[in-house]
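Participant: Quick one: structure below, then a few questions.
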C-alpha cells in the first residue's frame, strides 16, 4: 500500500486532468484521488487551465517488513 507523508508542487499544462497528472507522475491514474485530497479547492475542476499550482503527494517506499512474506517477518 502506498503512503505519503509529504507533498511537492506541480504546475498544470492546458487541458490536463487529475487522472492524467497521476498517470504522468506515478504511472497510475488511480492515485488521482490522493491529488484531489491534497487540493480540495480544485475538486470540482474537470480540465485544468495552464499554470495552476497543485500539491502532489510524495510517496514513501514500502517498508521492508511489507515486502517480506508474513511467515518470514520477525515476531
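FYI, it's all coordinate maths here, none of it is from the lab. Quick caveat, the model's predicted, so the values are computed rather than measured. So basically every Cβ, Gly included, is an ideal-geometry build from the backbone, and we count neighbours across all protein chains shown.
Participant: Based on the mean of other Cβ atoms within 10 Å per residue, sort peptides 33-40, 18-25, 4-11 so the most packed one is first.
Facilitator: Put in order of decreasing packing, that is 18-25, 33-40, 4-11.
Participant: Additional query: With the calculation restricted to Cα positions, what are the radius of gyration and Dmax of region 4-72 in angstrom?
Facilitator: For region 4-72, the Cα radius of gyration and maximum Cα-Cα distance read 14.6, 50 Å.
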